[in-house]
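Here the structure is laid out as structure tokens; the discussion comes afterwards.
Computed from the coordinates by the stated procedures, all read-outs in this text should not be read as laboratory data. In this text the structure is predicted, and so the values were computed from the model without any measurement. So basically every Cβ, Gly included, is an ideal-geometry build from the backbone, and we count neighbours across all protein chains shown.
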Amino acid sequence: NSNQKHYKIGFSQCTGGDEWRRSMLLEMQRELFFHPDLELVYKDAVNSTQTQIKQINDLMKEDIDLLIISPNESAPLAPVVQEIFRKGIPVIVLDRKINTDAYSTFIGANNIEIGKAVGNFVAKKLKGKGKVVEVLGLESSSPAQERHKAFSDVLKNYPEINVIKELQGQWEKDTARKVAAQNIGALQEADLVFAHNDVMVKGIYEVCHKNSQNKNILFVGIDGLAGPHNGLQMLEDKMLTATFLYPTGGEEAIKVASQILAGKAAQREYKLNSIQIDSSNVKGIKAQSDKLLNQQEDIQKLNTEIDTLENTFSSERNKLYFTIAC
Ligand code: FRU
């Protein structure tokens, strides 16, 4: 409908290279299907804060009506977000926080609560005694800071649980594998590894199982993503003892963006819920999310079919106009 107002949403993603963020984008695309007045301009900063700053400046030049950002690091991205917000462009901060108040709304799960829940799970699992290796996400990103702090705070109540090593995995499987290989000693001693996401568990697991370094070690992660190689499957395969759901918020981001662009008020924060997933509930959760994944694929197929139909229709119409004109 040409009378419909058309809005351009810029989406600045810190990295698009992992399954969790691919799933976020898919959720957005699925939700966008219901909002034909919205266009998404997507930029992937590939884990580089400098690239992300540049891409936001580019989006500003493209006259976007709203910015969605998942900031790579909290501090260095604050000035450019302030600049864009002060120009009157609404900003939705997604998943990772930013060191400024200059934004419209934050959407994400509470990483403090998740870190605490992990701490309590670990204490229970180890019966109050044992050696832990913690594998952290990128230190300058807010989920890594919050997960670490909350986890450490809980463990203060358990003097016989020792975190014998903190490894910097920077959210990435390859980095985690590399630091694990350099810290075999700690991993051989450890009873349990807590990695800030499931992907890093994969890297550490590979090292621990290679040459049977330590096969009895327990792994706890975060994300609990559906799909063939992700957290829920890792749980079923017993690679993980537990994981904690970390919803991507892709769908919510588009819904809230649409609301803001329609001139409606938005909350300052939308909290997404997390849940502990372990052998007791993984089957049900996996069945539900597999169903959702199938539905998502169906919607995508439908989308492509509609596009094809639209293209055929417009080329037939052009042929018709041409015939009439002649
Ligand atoms: C994906 C990811 C997730 C993690 C989140 C934190 O890029 O590393 O695994 O939960 O980012 O921002």
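Just so you know, in segment 95-136 the residues that are over 19 Å from Glu73 (Cα atoms) and of a type in the set (D, E, K, R) include one that is surrounded by the most Cβ atoms within 10 Å (Cβ to Cβ), and it is Glu134.
Taking segment 106-206 and the helices (runs of 4 or more DSSP H) fully enclosed by it, the elements with 1 or more residues that are within 27 Å of Arg268 (Cβ to Cβ), hydrophobic (A, V, I, L, M, F, W, C) and out of contact with any Ser or Thr (no Cβ under 7 Å at 6 or more places or on another chain) are at 111-125, 142-155.
Per the listing Glu73, Glu31, the residue uniquely charged (D, E, K, R), within 16 Å of the ligand (Cβ to nearest atom) and touching a residue at least 60 places away in the same chain (Cβ under 8 Å) is Glu73.
Considering only segment 118-140, state which residues are under 21 Å from Lys202 (Cα atoms) and within 14 Å of the ligand (Cβ to nearest atom). Give the derivation first.
Initial filter on segment 118-140 (under 21 Å from Lys202 (Cα atoms)): 118-119, 121-122, 125, 131-139.
Once the filter is applied, which keeps residues that are under 21 Å from Lys202 (Cα atoms) and within 14 Å of the ligand (Cβ to nearest atom), segment 118-140 yields Val118, Val135, Leu136, Gly137, Leu138, Glu139.
Which is among the hydrophobic types (A, V, I, L, M, F, W, C), away from the ligand (no atom under 11 Å from the Cβ), free of Cβ contacts under 8 Å to residues at least 24 places away in the same chain and closer than 30 Å to Gly88 by Cα, of Ala253, Ala262? Reasoning before the result, please.
Details: Ala253 fails: free of Cβ contacts under 8 Å to residues at least 24 places away in the same chain.
Going through Ala253, Ala262 in turn, the sole match is Ala262.
Of all residues in segment 222-237, count the ones that are surrounded by fewer than 20 Cβ atoms within 10 Å (Cβ to Cβ) and among the charged types (D, E, K, R). Qualifying residue count, segment 222-237: 2. Looking only at residues in segment 187-218 that are within 16 Å of the ligand (Cβ to nearest atom) and among the small types (Gly, Ala, Ser), the one that is nearest to Asp237 (Cα to Cα) is Gly203. Here Phe219 meets the list (1) crowded, with 24+ Cβ neighbours inside 10 Å; (2) part of a loop (DSSP other than H, G, I, E, B); (3) free of Cβ contacts under 8 Å to residues at least 40 places away in the same chain almost entirely, failing just condition (2).
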